[in-house]
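In what follows, a single structure is set out as structure tokens and then discussed.
The values are calculated or read from the model by the stated rules, or taken from the named source; none is laboratory data. Since the model is a prediction, treat every value here as computed from it, not as a measurement. Methodologically, a virtual Cβ is constructed for each residue, glycine included, from the backbone with ideal geometry; neighbour enumeration extends over all protein chains shown. We work out accessible area using only protein heavy atoms, side chains counted, and drop any ligands, DNA or RNA first. Shrake-Rupley method; radii C 1.70, N 1.55, O 1.52, S 1.80 Å.
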Amino acid sequence: MGKYEVHGGVKRDFDLHAGPVESEGDCKQFGDRLWADVARVLEVSFAGSPGEPGDRGSHRYRFEDDAMSVSLYVDEGEPGWVFEKVPAMLTARSRSESAETRQLAEKLYAGLVATGTCFVAVFAEDGMPIDANFDIGDDW
């Protein structure tokens, strides 16, 4: 049984938090690149789902089809907290009979880490960290 499977279930969600390994300028620039990476990893086109500006410089992205729903929220991060390093919150939910939500989370984590351009941390629905490609500390 894998790391994600023990936290999975029919209605369980996973939150992936991501951030740039190197500074990318503003959160829109990073969000646009991350959104393109997510589309590539999931092998879908987000061409009709560009980001929309939110409040205080944030950016939101959303995609839905019969197989999945994916959302991304990017802001400047919360200083002094692990989320300062990974200010983007990505959630993908399966709507398919052939793939579980945990499988989408595993695929996204592996694909985003493989780019070498993102720090990624995955949290279970209850806030418990499951996976990260950087040290998030032990204060959970």
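Quick rundown of the values:
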{"quantity": "Close pairs from region 21-39: first free of Cβ contacts under 8 Å to residues at least 12 places away in the same chain, partner assigned to a helix (DSSP H, G or I), Cβ under 6 Å, at least 6 apart", "calculated": "E24/F30"}
{"quantity": "Residues located in region 14-34, provided they are within 19 Å of D55 (Cα to Cα), open to solvent by 40 Å² or more (accessible area, probe 1.4 Å) and either in contact with a His (Cβ under 7 Å, 6 or more places away or on another chain) or charged (D, E, K, R) (or both)", "calculated": "D26, K28, D32"}
{"quantity": "Residue in region 115-123 that is open to solvent by 20 Å² or more (accessible area, probe 1.4 Å), touching a strand residue (DSSP E or B) at 6+ places or on another chain (Cβ under 9 Å) and without any contact (Cβ under 8 Å) to a residue 40 or more places away in the chain present", "calculated": "no"}
{"quantity": "Residue count for region 35-49, restricted to those that are hydroxyl-bearing (S, T, Y) and open to solvent by 70 Å² or more (accessible area, probe 1.4 Å)", "calculated": "1"}
{"quantity": "Every pair of residues 6+ apart whose Cβ atoms lie under 6 Å, when the first sits in region 51-63 and is within 17 Å of A92 (Cβ to Cβ) while the second is aliphatic (A, V, I, L, M)", "calculated": "Y61/L72; F63/V70"}
{"quantity": "Set V41, V21: member being under 22 Å from E125 (Cβ atoms), β-branched (V, I, T) and at pLDDT 85 or above", "calculated": "V41"}
{"quantity": "Residue within region 72-83 that is touching a helix residue (DSSP H, G or I) at 6+ places or on another chain (Cβ under 7 Å), in a loop (DSSP other than H, G, I, E, B) and open to solvent by less than 60 Å² (accessible area, probe 1.4 Å) present", "calculated": "yes"}
{"quantity": "Meets criteria (modelled with pLDDT of 90 or more, charged (D, E, K, R) and not in a loop (DSSP other than H, G, I, E, B)) for R102", "calculated": "no"}
{"quantity": "Output for region 64-92, where each listed residue is modelled with pLDDT of 90 or more and under 13 Å from the mean Cα position of the chain (by Cα)", "calculated": "S69, V70, S71, L72, Y73, V74, A88, M89, L90, T91, A92"}
{"quantity": "Per-region count, region 17-68, residues assigned to a helix (DSSP H, G or I) and over 24 Å from I136 (Cβ atoms)", "calculated": "10"}
